[in-house]
Amino acid sequence: MSAPLKIALAWCAVWSAAAFCAMGLDKRRARRGGRRIPEKTLFFLAAIGGSAGATAGMYVFRHKTRHWYFRFGFPAILAAQAALAVWLFRTFA
């Protein structure tokens, strides 16, 4: 595995973990009536590489699943990032 591919995988792993934790934290704050994480922050975490974690967190914590833009947005970002990863792998590996 090439160094750029390792870096890209590490990048996605870190941001996916951050997005997963953010979804769990926001759900906890929602239940307790605390200060919430803005939706644009959750989408930002997904967009910069954490879409897998954000999608997983949405279903594990059953959080934001009623909002169509989360239910379809996170998987759409994940699909776009996966397509980009496949293209990059085929082009540069």
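Assorted remarks:
- Taking the C-alpha atoms only, the angle from helix 51-60 to the longest principal axis of the chain is near 40 degrees.
- Rolling a 1.4 Å probe across all protein chains gives K27 an accessible area of roughly 40 Å².
- Formal net charge of residues neighbouring I37 (Cβ-Cβ distance under 10 Å; K, R +1; D, E -1): +3
- Helix 3-32 axis, angle to the chain major axis (alpha carbon atoms, nearest 10°): 10 degrees
- The listed residues F89, F61, once ranked by accessible area (1.4 Å probe) with the largest placed first, stand as F89, F61.
- Region 28-93, accessible area per residue, ligands and nucleic acids excluded (1.4 Å, Å²): 71 Å²
- With Cα atoms, 0 to 90° folded angle of helix 68-92 axis to the chain main axis: 10 degrees
The values are calculated or read from the model by the stated rules, or taken from the named source; none is laboratory data. Keep in mind it's a predicted model, so treat the numbers as computed, not measured. Note that each Cβ is placed from the backbone with ideal geometry, even for glycine, and that neighbours are counted across all protein chains shown. The area values use the complete protein model at the heavy-atom level, side chains included, leaving out ligands, DNA and RNA. Shrake-Rupley method; radii C 1.70, N 1.55, O 1.52, S 1.80 Å.
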